[in-house]
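Have a look at the structure below, then the notes.
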Amino acid sequence: MVRPAALGLAGVACCLGVAGCAQFNKALGQQQATIYFQSNTPVAFKLKVRAACDNLPHVKAIPIATSVPLSSAIDVVTYNTTGAGLADIARLEECVNKYSPQVQGVDVTDSSDDS
């Protein structure tokens, strides 16, 4: 005879397993673009680029860490590009390339990259 408490615990465990899989799948679909600058680029300039390219479709600047000095927190500018297509990424690259030569490059990665 199966006890009701055991059934309840089994149900909770099953729900936790499904919720864990959902979180895992959500993490797998993440994509971001990192903008690299020359080492002597002022923080104000990086913030300008960050703001200028933050209004593109499927491109949202990742919040700046507040636990470290701004000069350290904004070594690079990172955008969440989850759901962005090739055209969205091309628009982002076009936007940041307007700020050359201080912008050294754009690196687009997703959670499936082995880097």
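Nothing in this text is a laboratory measurement; each read-out follows from the coordinates by a stated rule. Since the structure is predicted, the reported quantities are computational estimates derived from the model, not experimental observations. Cβ: placed from backbone, ideal geometry, glycine included. Neighbour counts: every protein chain shown.
Structure notes:
- Phi-based couplings in Hz for the range 35-44 (Karplus 6.51, -1.76, 1.60; Gly and Pro marked x): 9, 9, 10, 5, 5, 9, 6, x, 4, 4
- Ordered by the count of other Cβ atoms within 10 Å of each Cβ, fewest first, Leu70, Leu56, Leu92 give Leu70, Leu56, Leu92.
- For the range 89-96, putting each phi into the Karplus relation 6.51 cos²θ - 1.76 cosθ + 1.60 with θ = phi - 60° gives couplings of 5, 4, 5, 5, 4, 4, 4, 6 Hz, in residue order, rounded to whole numbers and with x for Gly and Pro.
- In terms of Cα atoms, the Rg and Dmax of the range 31-110 work out to 11.8, 34 Å.
- Per-residue Cβ neighbour counts within 10 Å put Val68, Val96, Val108, Val59 in the sequence Val68, Val108, Val59, Val96, beginning with the fewest.
- Under the Karplus curve 6.51 cos²θ - 1.76 cosθ + 1.60, θ = phi - 60°, whole-Hz ³J(HN,Hα) for the range 54-59, x wherever Gly or Pro sits: 7, 9, 7, x, 6, 10
- Inter-site label distance for Val76 and Asp107 at 7 Å from Cα along Cβ, in nm: 0.4 nm
- Were the residues from Ile64 through Lys98 laid out at 0.36 nm apart, the gain over their Cα-Cα distance would be 10.0 nm.
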